[in-house]
Amino acid sequence: MKIAILGMGSVGRGLLEMIDGKDLGLTVTGIADSKSALLDPDGIHIEEVQMAKRERGVCGDKELSAADVVERGDYDALVEVTPTDARSGEPATGFMKRAIERGKHVVTSNKGPIALHFATLQSLARKHGVAIRYEATVGGAIPVMHTLEHGLAGNRVIAVYGILNGTSNFILTRMAAEGLTYAQALLEAREMGYAEADPTYDVKGIDAAIKLVILSNTIWKRNVKLSDVNITGIDMLTNDALRLAEEQHCTIRLIAEAVPEKGILRVAPRILPRTHPLVVENTLNAITIDTDMAGEITLIGKGAGSKETASACIGDLLFIRDIHARGH
Ligand SMILES: NC(=O)c1ccc[n+]([C@@H]2O[C@H](COP(=O)([O-])OP(=O)(O)OC[C@H]3O[C@@H](n4cnc5c(N)ncnc54)[C@H](OP(=O)(O)O)[C@@H]3O)[C@@H](O)[C@H]2O)c1
């Protein structure tokens, strides 16, 4: 299967490394970063692109752009791994729409377009007979979408609960383990490279809420928006609160939860017994799906990382190749 990749950051580079190192049957015929692009219908030489990016800071020809790859590229699936713009979802949404209109499948790790324009993208994909898949947008490497779609097929999902943000989970873990203040734990998260210079989205619960929107719309097709989520972050949490919880053999975690029957759609710090399956440590993510037949299923794994996120994108690509591209 021929693929074109938009974005050569952490996820894009992870994808290239995995595709180059494994015999997956994927040929990269187009690639773009923010300042350049490269097209070759016979397959791009991955090691040369990696070297160009390392040495020159650009992956290809500065006269070409991501739009050229989308419009002119010879590919079966577009892999969209550019930065998330949670306000507009652009320019990624536009790239995805154009690819779909050209009859191309789309795989993305970008939360913006899926949280904001899921219904539009889905119906456009249906109209053009292609798939849009976004496993990497929620829970990084955790195959939650595949589990919902396949392993739990036929189940009614009653509720979903999750630790969907590794940065805030790391901060809470360190506050509880070492008695650090929120500010000290945030500083440590920054030093370890787990928190951005501006951690607002992570610590105020917005990133987790965006993922909850994606999960809810996937499961219940309700077209909920970020503004429908009741959000409280961890930035006001004191270590006294954590200490009190620990004295009761409990701890505090930032839980995203959706229980439509009870009208619950929220992200908030919650007190949980230390033995609760959602009490995972450091940057791990965890998702519990409560269903009518299977009961509760909890998936735990790495919520971010170059190779880990590439794993989710590659899972989507190989699924498309096996199910859609072969016309089953
Ligand atoms: N990293 C993770 O662990 C992870 C996990 C789950 C989901 N995600 C999501 O995956 C996406 C990519 O994440 P990342 O960590 O790889 O980001 P990143 O390291 O910031 O890389 C983004 C890449 O996109 C390129 N880019 C920016 N604007 C572009 C445009 N208009 N056209 C083409 N390329 C453009 C950048 O180009 P330059 O190289 O020229 O700057 C860069 O190569 C984001 O939406 C993120 O939220 C990431």
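The values are calculated or read from the model by the stated rules, or taken from the named source; none is laboratory data. All figures in this text were calculated on a predicted structure; none of them were measured in a lab. Using ideal geometry, Cβ is built from the backbone for each residue, glycine included, and neighbour counts are taken over all protein chains shown. Ligands, DNA and RNA are excluded from the accessible area calculation, which covers all protein heavy atoms including side chains. Shrake-Rupley method; radii C 1.70, N 1.55, O 1.52, S 1.80 Å.
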Any hit, region 198-207, residues being at positive phi and surrounded by 15 or more Cβ atoms within 10 Å (Cβ to Cβ): yes
Flag if Asp235 is in a loop (DSSP other than H, G, I, E, B) and acidic (Asp, Glu): yes
Subset of region 242-274 (residues that are open to solvent by less than 60 Å² (accessible area, probe 1.4 Å), among the hydrophobic types (A, V, I, L, M, F, W, C) and in a helix (DSSP H, G or I)): Leu242, Ala245
Residues being surrounded by 24 or more Cβ atoms within 10 Å (Cβ to Cβ), away from the ligand (no atom under 13 Å from the Cβ) and aliphatic (A, V, I, L, M) - total across region 101-120: 1
Positions within region 178-195 being without any contact (Cβ under 8 Å) to a residue 24 or more places away in the chain, closer than 27 Å to Ser10 by Cβ and part of a helix (DSSP H, G or I), in sequence order: Ala183, Gln184, Ala185, Leu186, Leu187, Glu188, Ala189, Arg190, Glu191
Candidates Ala125, Ala86 - the one that is under 27 Å from Ser216 (Cβ atoms), open to solvent by 20 Å² or more (accessible area, probe 1.4 Å) and out of contact with any His (no Cβ under 7 Å at 6 or more places or on another chain): Ala86
Given (1) under 20 Å from Asn239 (Cα atoms); (2) loosely packed, with under 15 Cβ neighbours inside 10 Å, index of the condition Met192 fails: (1)
Qualifying residues in region 49-82 (those that are away from the ligand (no atom under 12 Å from the Cβ) and part of a strand (DSSP E or B)) - the one nearest to Ala312 (Cα to Cα): Ala77
Flag for Leu284 being among the aliphatic types (A, V, I, L, M), within 22 Å of Ile171 (Cβ to Cβ) and under 19 Å from the mean Cα position of the chain (by Cα): yes
Test for Pro277: is it away from the ligand (no atom under 16 Å from the Cβ), under 19 Å from Phe170 (Cβ atoms) and open to solvent by 20 Å² or more (accessible area, probe 1.4 Å): yes
Residue among Ile271, Ile234, Ile320, Ile289 that is of a type in the set (Val, Ile, Thr), in contact with a Cys (Cβ under 7 Å, 6 or more places away or on another chain) and either in contact (Cβ under 8 Å) with a residue 40 or more places away in the chain or more than 16 Å from the ligand (Cβ to nearest atom) (or both): Ile271
Residue tally, condition among the β-branched types (Val, Ile, Thr) and open to solvent by less than 20 Å² (accessible area, probe 1.4 Å), over region 208-241: 6
Search result, residues across region 28-48 that are out of contact with any Leu (no Cβ under 8 Å at 6 or more places or on another chain), closer than 21 Å to Leu317 by Cβ and within 13 Å of the ligand (Cβ to nearest atom): Asp33
Pair list, Cβ < 6 Å and 6+ apart or interchain, from region 37-54 residues that are free of Cβ contacts under 8 Å to residues at least 24 places away in the same chain and closer than 20 Å to Thr82 by Cβ to residues that are open to solvent by 20 Å² or more (accessible area, probe 1.4 Å) and aliphatic (A, V, I, L, M): Ile44/Leu38
Residue match in region 2-16 (condition: open to solvent by 70 Å² or more (accessible area, probe 1.4 Å) and in a loop (DSSP other than H, G, I, E, B)): no
From the options Val79, Val69, residue that is closer than 24 Å to Glu308 by Cβ and either among the acidic types (Asp, Glu) or touching a residue at least 60 places away in the same chain (Cβ under 8 Å) (or both): Val79
Subset tally (residues that are open to solvent by less than 60 Å² (accessible area, probe 1.4 Å) and either more than 12 Å from the ligand (Cβ to nearest atom) or hydrophobic (A, V, I, L, M, F, W, C) (or both)) for region 89-100: 5
Filter result for the condition that a residue is touching a residue at least 24 places away in the same chain (Cβ under 8 Å), open to solvent by less than 50 Å² (accessible area, probe 1.4 Å) and assigned to a strand (DSSP E or B), over Gly301, Gly315: Gly301
